[in-house]
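S.K.: First, the structure itself, so that you have it in front of you.
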Amino acid sequence: MSQLFSPYNIGQLTIPNRIIIAPMCQYSARNGEATDWHLLHLGNLALSGAGLLIIEATAVEPEGRISPADLGLWSDETEAALAKVLKTVRQYSTMPIAIQLGHAGRKASTAAPWDGGQLVMPEHGGWPTIAPSAIPFTPDDPAPIALDQADLQRILQAFVTAAERVHRLGLDAIEIHAAHGYLLHQFLSPLSNFRTDEYGGSLENRMRFPLAVFDAMKAAVPDSLSIGVRISATDWVDGGWDLAQSVVFAQALRDRGCAYIHVSSGGLAAAQQIQPRPNYQVPFAQTIRTETGLPTIAVGLITEPEDAEAIIAEGKADMVGIARGILYDPRWPWHAAAKLHAQVAAPPQYWRCQPHGLKSLFGEVHFRQR
């Protein structure tokens, strides 16, 4: 029996297999509101047979968007727009759906990647950025505004309010974005956090605000709504955030009732030295899983079904995240199930496409036409 296609529990949520569609920014919202692109995009992926679909990084306040075209969940209007998309998707798919909530901090106010990805200045529709300390992402960027106590309270409450909106939307889980150099990661890393108050300096202090955000969100929603966290296990820079600190952070999250850890890396420093290769981040996930016992998602150039199966079967992670690979091949789970002699869910409208010789790929289906 394929381990990749076995069910798994994330908190009180049961997913049908271990394939996670990782969150991927679409840069296609209007004023934070989901559009018809999100209906097409999420609808397509919701028919893929994966175990869980995580909606892209969604800003908890307008200034927290990576780009002016980012998805948001900070108002009744943004909530209603996403509700409209989800209502249609759910008519045709029972796939569990989560959402990633985050704040870009000093990496906010940028153009979409296909428009160059450069910083967008306020006179061109951007906004001043904020961060734990007034240290820019690159030396050429304007320095962000260092957050004061009032700012911290505002942002914490924005995460809480967004979590409450997620609960109203009936989504199955929340992923807090503390990776890729965005605001919560900026607090964690000594490369971006030079504060001298209780939120800077020691590892305990640098973890304080991200943990406070987690605690507040956890308290604001029922236990039935699982909350996980995505982290960058390392900055890939000497003297930066690293795997040993990630283990300590993950242990603190575990003790607070975190449902899972989604293990990525990098994104905080322009000086990072990464040499991507297939499965290159899996050892990070394996170490965190071993040291904490937390359910763990491994991600990063996991492209082959046999590799994904081995990651689960060998106990290196509990789930695997597929991102660019499933944009390229939206039926990746079908093809993986075929290779691994497993079964996968498919909508009845597509049952007739089951390949000859794989008559149980979609389970016990009955299809007859005249």
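The values are calculated or read from the model by the stated rules, or taken from the named source; none is laboratory data. Because the structure is predicted, anything quoted here is derived from the model rather than measured. Cβ coordinates were reconstructed from backbone atoms using ideal geometry, including for glycine residues, and neighbour counts include every protein chain displayed. In case anyone asks, the SASA skips ligands and DNA or RNA and just uses the protein heavy atoms, side chains included. Shrake-Rupley method; radii C 1.70, N 1.55, O 1.52, S 1.80 Å.
S.K.: Between Met24 and Ala244, how many nm apart are label points set 7 Å from Cα along the C-beta direction?
M.R.: The answer from the label model is 3.7 nm.
S.K.: Next up: Determine, from the Cβ-Cβ distance of Phe194 and Ser224 and an R0 of 45 Å, the FRET efficiency 1/(1 + (r/R0)^6), rounded to the nearest 0.05.
M.R.: 0.70
S.K.: Could you tell me what percent of the accessible area of the chain is made up of carbon and sulfur, with a 1.4 Å probe and every protein chain present? All intermediate terms of the calculation are to be shown ahead of the outcome.
M.R.: Numbers: 8160 of 15770 Å².
Heavy-atom surface of the chain belonging to carbon and sulfur, 1.4 Å probe: 52 percent.
S.K.: To continue, here is another question. Using a 1.4 angstrom probe, figure out how much accessible area the range 318-370 has per residue, in square angstrom, rounded to the nearest whole. Write out the running numbers ahead of the final one.
M.R.: Working: 3580 Å² over 53 residues.
Per-residue value: 67 Å².
S.K.: Any chance you could run the full-extension gain for Ile145 through Ser6? It's 0.36 nm times the residue separation minus the Cα-Cα distance, nm to one decimal.
M.R.: On the way: separation 139, 0.36 × 139 = 50.04 nm, distance 4.71 nm.
Contour length minus the Cα-Cα distance gives 45.3 nm.
S.K.: So, for the range 155-199, what is the accessible surface per residue at a probe of 1.4 Å, expressed in square angstrom? Show your work: numbers first, answer last.
M.R.: Numbers: 1310 Å² over 45 residues.
The answer is 29 Å² per residue.
S.K.: Could you name the aspartates and glutamates in cross-link range of Lys87, using Cα to Cα under 17 Å and dropping any fewer than eight places away on the same chain?
M.R.: Cα-Cα hits under 17 Å: Glu33, Asp36, Asp76, Glu77, Glu79, Asp172.
S.K.: Counting chymotrypsin sites (Phe, Trp or Tyr not before Pro) as exposed when in a DSSP loop with at most 16 other beta carbons within 10 Å, what is the longest stretch of the chain free of them?
M.R.: Details: sites that count: Phe194, Tyr280, Phe367.
That would be 1-193.
S.K.: What FRET efficiency comes out for the pair Asp307/Trp127, r = Cβ-Cβ distance, R0 = 35 Å, nearest 0.05?
M.R.: On the way: r = 41 Å, r/R0 = 1.18.
The computed FRET efficiency comes out at 0.25.
S.K.: Loop only by DSSP, 10 or fewer other Cβ within 10 Å of the Cβ. Give me the trypsin sites (Lys or Arg not before Pro) in the range 273-367 that pass, ordered by residue number. Intermediate values should be presented prior to the final figure.
M.R.: On the way: sites: Arg289, Lys316, Arg324, Arg331, Lys339, Arg352, Lys359; in loops: Lys316, Arg331, Lys359.
Sparse-neighbourhood loop trypsin sites (Lys or Arg not before Pro): Lys359.
S.K.: Tell me the GluC sites (Glu not before Pro) within the range 160-215 that lie in a loop according to DSSP and have at most 13 other beta-carbon atoms within 10 Å.
M.R.: Values: sites: Glu164, Glu175, Glu198, Glu204; in loops: Glu198.
Passing both the DSSP loop test and the Cβ count: Glu198.
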